[in-house]
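Scroll down for the structure; my scribbles are underneath it.
The values are calculated or read from the model by the stated rules, or taken from the named source; none is laboratory data. Just so we're clear, the structure is a prediction, and the values are computed from it rather than from any experiment. Glycine also receives a Cβ, built like all others from the backbone with ideal geometry; neighbour counts cover every protein chain displayed. When the accessible area is computed, the model is the full protein with side chains, heavy atoms only, and any ligands, DNA or RNA have been set aside. Shrake-Rupley method; radii C 1.70, N 1.55, O 1.52, S 1.80 Å.
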Amino acid sequence: MFIRDLKRYSKYATYSAVSELKSQVAGSYLGWMWWVLDPLLFMLVYTFVAAYIFGCEVDNFPLFVFLGITIWNFFGATVEGCVGIINSYSAVTKKAYIPKFILVLMKQFENLIKMFISVGISMVTILILKIPITLNLLAFFPILLVYFVLIFGAGTICAYLGVIVSDLSHVITVFMRFLFYLSAVFYPLDRFGEGLLNIYNMICPTGFIIVQFRNVMMYGFGADYFRLFYWLIIGLVLSVVGVTLLYRGEKDFMKVVF
């Protein structure tokens, strides 16, 4: 059923994501540039706080922070956006059947496009700074695949719970704020001991993934495929649970939402 619906509605998810992006920049003077300016402005703030107030010393620190925020935003914006997404699209889904996981994919595609724009800016910056590019950069794609699966799994579960638990958005907001500061967006993990770092990599997916992206893009290191496989399995489990809940909850959604 999932594969059938994915084939049938994937084009709809892509088209809707592009339409949503166009509507976001309609009437705006800077248009899509806001998707770059947003992480850029946060980069300036965190660079000032971390580098000049707390004395954090990292080479190419502005790029370090910008890349961290870019990768985080794909996760944060998607998961938070999925909490109320079924309610948001009730006017559409009550007219025509749409598998609810497709709504999650729409939100993912929307934020993925934004992320790619910022990653493109990061790559231009890397070239300008003459940071060496190695073949390890190709690991960007398996890392992205694992990240995509993890976000999809978390998004589908949040989409389901967002209908059942009315106050979930408040809880998710607090949790995401905590996870953001835990995720090494604006600080390195080199102060962690090996034992603590191993634990961190096994319990904080966003921090681990952000470090992996930085390693292959900024430092030319290879990816940690063992832990990537570990998080891929967790992402697949979350996805199966989330999609199953969404299919089983169709009748409940009709009662609660409509």
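Table for the structure above
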{"quantity": "Check on L161, out of contact with any Leu (no Cβ under 6 Å at 6 or more places or on another chain), more than 24 Å from F66 (Cβ to Cβ) and either not aromatic (F, W, Y) or not in a helix (DSSP H, G or I) (or both)", "calculated": "no"}
{"quantity": "Subset of region 117-140 [more than 17 Å from V211 (Cβ to Cβ), open to solvent by 20 Å² or more (accessible area, probe 1.4 Å) and in a helix (DSSP H, G or I)]", "calculated": "I117, G120, I121, M123, V124, T125, L127, I128, L135, L138"}
{"quantity": "Where H170 falls short, out of the listed (1) part of a loop (DSSP other than H, G, I, E, B); (2) without any contact (Cβ under 8 Å) to a residue 60 or more places away in the chain", "calculated": "(1)"}
{"quantity": "Any hit, region 77-89, residues being touching a helix residue (DSSP H, G or I) at 6+ places or on another chain (Cβ under 9 Å), open to solvent by 10 Å² or more (accessible area, probe 1.4 Å) and of a type in the set (S, T, Y)", "calculated": "yes"}
{"quantity": "Search result, residues across region 1-22 that are open to solvent by 80 Å² or more (accessible area, probe 1.4 Å) and among the aliphatic types (A, V, I, L, M)", "calculated": "M1, I3"}
{"quantity": "Subset tally (residues that are over 16 Å from F229 (Cα atoms) and either basic (K, R) or open to solvent by less than 10 Å² (accessible area, probe 1.4 Å) (or both)) for region 178-217", "calculated": "7"}
{"quantity": "Region 63-117, subset touching a residue at least 40 places away in the same chain (Cβ under 8 Å) and of a type in the set (K, R), residue farthest from I172 (Cα to Cα)", "calculated": "K94"}
{"quantity": "Hits in region 182-217 (condition: of a type in the set (V, I, T) and either touching a residue at least 40 places away in the same chain (Cβ under 8 Å) or not in a helix (DSSP H, G or I) (or both))", "calculated": "V185, T206, I209, I210, V216"}
{"quantity": "Selected residue (only one of I199, I131, I164 is in contact with a helix residue (DSSP H, G or I) (Cβ under 8 Å, 6 or more places away or on another chain), farther than 25 Å from G81 by Cα and not hydroxyl-bearing (S, T, Y))", "calculated": "I131"}
{"quantity": "In region 218-242, the residues that are open to solvent by 80 Å² or more (accessible area, probe 1.4 Å) and outside any helix (DSSP H, G or I)", "calculated": "F221"}
{"quantity": "Number of the exception - I102 against (1) more than 27 Å from G220 (Cα to Cα); (2) modelled with pLDDT under 80; (3) open to solvent by less than 60 Å² (accessible area, probe 1.4 Å)", "calculated": "(2)"}
{"quantity": "Filter result for A154 (open to solvent by 10 Å² or more (accessible area, probe 1.4 Å), assigned to a helix (DSSP H, G or I) and closer than 17 Å to G249 by Cβ)", "calculated": "yes"}
{"quantity": "Some residue of region 46-69 being at pLDDT 75 or above, assigned to a helix (DSSP H, G or I), open to solvent by 50 Å² or more (accessible area, probe 1.4 Å) and at negative phi", "calculated": "yes"}
{"quantity": "Positions within region 158-177 being open to solvent by less than 40 Å² (accessible area, probe 1.4 Å) and within 17 Å of T206 (Cα to Cα), in sequence order", "calculated": "C158, I172, M176"}
